[in-house]
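**Q** My structure is below; once you've seen it, I'll send some questions.
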Amino acid sequence: MAEHLTRLELDEWLSGLDASGRAERHVAACPACGAIAERMRQARVSSLGEPRAKAVLARLEEKRARSAKPRWSWGVPLVAALAVGLALVVYVPRGTEDGVRLKGTVALRLLSEQGAPVLDAKPGEHVTLAVGTGPYRNVLVLAVDEAGAVDRLWPQEGATSGTVEPGAEVKLSPPLEVTPGSVALHAFFSDAPLDAEQAREALTARVAEAREKGQGALDVATPGDIGKAQARTLLRVVP
């Protein structure tokens, strides 16, 4: 087992910033890091439920609405957010997870029927998509299977993304039934509705590029030019 991940690396993974998937694989194989990551995730959820955090997000949302000039390239959402003064660092009560500062960034994970985090599942089991929405109201989730096919997971119907509650972790319904074959899940977040077909085509192009380089479809990074933020996770399907 490689050395344990730092809390900064775990925080970046929970924020959906681990495009390489290295931290995700390590957490799946390391019980110690997995336990720390789960405590950090719970601390994030608790922090975002604090009245002060909600007030901060509301002020930032109001400021974003007033700043309508299209000056920034959202292909680099974190840099753009910092440039306009919207780095989402929210209030954390003292004593929460050793004082880790939580960011109002996005996240994507899978939950079992009992509400536990899922990284491995068997065909026939049911899992629920859960997203940390950050400040965004629109979410689109796509899946890439081992063969490189790209399908839409949520919302299941319509031409655009679905609407969620910003500033919280939201469970997306209905639950999904696990089918044979592992899949990589990609979530896109934005203030405005996202075109589902445009996102699917962008992700399909990324898969094709990866194949040309001899890379696997499950290792493809989420396109950064769709929406204002992205998150990614992997579901390993075992016999």
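The values are calculated or read from the model by the stated rules, or taken from the named source; none is laboratory data. Because the structure is a prediction, the values reported are computed rather than measured. As a convention, Cβ positions derive from the backbone with ideal geometry for all residues, glycine included, and neighbour counts pool all protein chains shown. Only protein heavy atoms, including side chains, enter the accessible area calculation; ligands, DNA and RNA are left aside. Shrake-Rupley method; radii C 1.70, N 1.55, O 1.52, S 1.80 Å.
**Q** Go through (1) of a type outside the set (D, E, K, R); (2) surrounded by 19 or more Cβ atoms within 10 Å (Cβ to Cβ); (3) assigned to a helix (DSSP H, G or I) one by one and return the number of the condition VAL144 breaks.
**A** (3)
**Q** Next question. So is ARG22 within 19 Å of ALA168 (Cβ to Cβ), open to solvent by 50 Å² or more (accessible area, probe 1.4 Å) and at pLDDT 70 or above or not?
**A** Judged against the criteria, ARG22 is not a match.
**Q** Kindly indicate whether ARG44 is within 18 Å of THR233 (Cα to Cα), modelled with pLDDT under 70 and not aromatic (Phe, Trp, Tyr).
**A** For ARG44, the condition - within 18 Å of THR233 (Cα to Cα), modelled with pLDDT under 70 and not aromatic (Phe, Trp, Tyr) - is met.
**Q** How many of the residues in region 147-192 are in a loop (DSSP other than H, G, I, E, B), farther than 23 Å from ARG41 by Cα and not acidic (Asp, Glu)?
**A** So the count comes out to 14.
**Q** Give the number of residues within region 160-217 that are more than 17 Å from the chain's Cα centre (by Cα) and among the charged types (D, E, K, R).
**A** Qualifying residue count, region 160-217: 9.
**Q** Continuing with this model, one more query. If you scan region 91-112, which residues turn out to be modelled with pLDDT under 90, in a loop (DSSP other than H, G, I, E, B) and open to solvent by 10 Å² or more (accessible area, probe 1.4 Å)?
**A** TYR91, VAL92, PRO93, ARG94, GLY95, VAL100, ARG101, THR105
**Q** So which residues in region 188-223 are buried (at least 17 other Cβ atoms within 10 Å of the Cβ), in contact (Cβ under 8 Å) with a residue 60 or more places away in the chain and farther than 18 Å from ALA147 by Cα, if there are any at all?
**A** Matches in region 188-223: PHE189 only.
**Q** Please determine, by comparing only the residues of region 131-141 that are out of contact with any Asp or Glu (no Cβ under 6 Å at 6 or more places or on another chain) and assigned to a strand (DSSP E or B), which one is farthest from ALA221 (Cα to Cα).
**A** ASN138
**Q** To continue, here is another question. Run down VAL170, VAL150 and say which single residue is surrounded by 14 or more Cβ atoms within 10 Å (Cβ to Cβ), of a type in the set (Val, Ile, Thr) and either under 20 Å from ASP120 (Cβ atoms) or touching a helix residue (DSSP H, G or I) at 6+ places or on another chain (Cβ under 6 Å) (or both).
**A** VAL150
**Q** Another question about this same structure. I need the full set of residues from region 193-221 which are at pLDDT below 95 and not in a helix (DSSP H, G or I), in order please.
**A** LYS213, GLY214, GLN215, GLY216, VAL220, ALA221
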